[in-house]
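What follows is a set of notes on a single structure, which appears directly below.
Where a number appears in this text, it was derived from the coordinates with a stated rule and is not lab data. Just so it is clear, the structure is predicted and the values come from calculations on it, not from any experiment. Virtual Cβ from ideal backbone geometry, glycine too; neighbours counted across all protein chains shown.
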Amino acid sequence: MSKPKHPRRLSDNEAQAVTYNIRVSPRKLNLVAATIRGARAQDAIALLTFSKRRIARTVKKTLESAIANAENNHQLDVDRLIVARAEVGRVMVMKRFHARGRGRAARVEKWFSHLRIVVAEQSAPQEAA
């Protein structure tokens with residue numbers, strides 16, 4: 001006997017990609033994720049390609065993976081995809097110590113994040129206003 005199959009959490013016109021344990025704080029990752037929320041997929045890739053932030057490369061790879069999942073696994077039209085959601089989650093914090101003067105120590109926290117990008121196919125192409 002096997003486990004019953006889980007129902008699909010996303011609707012039929014959506015696809016997602018998730019990246020776990022990214023070595024960047026959620027605050028910094030959310031700044032990059034906020035720039036692509038609600039944008040067309042091609043525009044979001046262009047924004048991430050020319051972003052100066054280091055983490056933009058990881059976000060771009062996750063977005064490209066979501067687009068590939070939409071095309072190959074769910075047969076969605078790539079030209080009509082938008083970034084429906086870009087969710088950032090807090091995972092864990094590595095605690096380290098930094099030696100200070102007079103035998104003291106300062107705490108250094110190294111934050112990790114999760115990133116989930118959901119792309120959705122628009123029902124009808126909207127014109128730019």
For this session: Check whether at least one residue in the range 31-50 is under 25 Å from MET94 (Cα atoms) and buried (at least 17 other Cβ atoms within 10 Å of the Cβ), and report yes or no.
Result: yes
Exercise. Can we say VAL91 is within 21 Å of LYS110 (Cβ to Cβ) and either out of contact with any strand residue (DSSP E or B) (no Cβ under 9 Å at 6 or more places or on another chain) or not in a loop (DSSP other than H, G, I, E, B) (or both)?
Worked result: yes
Seminar exercise, completed: Within the range 41-88, restricting to residues that are in a strand (DSSP E or B) and among the small types (Gly, Ala, Ser), the one that is nearest to the chain's Cα centre (by Cα) is ALA86
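Could you tell me whether any residue of the range 68-75 is charged (D, E, K, R) and within 18 Å of VAL88 (Cα to Cα)? Steps first, answer last, please.
Initially, the range 68-75 is screened for residues charged (D, E, K, R), giving 71.
Restricting the remaining residues to those that are within 18 Å of VAL88 (Cα to Cα) gives none.
No: the range 68-75 contains no residue that is charged (D, E, K, R) and within 18 Å of VAL88 (Cα to Cα).
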Exercise. What number goes with the only condition from (1) closer than 30 Å to ASP12 by Cβ; (2) out of contact with any Pro (no Cβ under 6 Å at 6 or more places or on another chain) that ARG100 does not pass?
Worked result: (1)
For this session: Of the numbered conditions (1) within 30 Å of GLU109 (Cα to Cα); (2) touching a Lys or Arg at 6+ places or on another chain (Cβ under 8 Å); (3) outside any helix (DSSP H, G or I), LYS28 fails exactly one; give the number of that condition.
Result: (3)
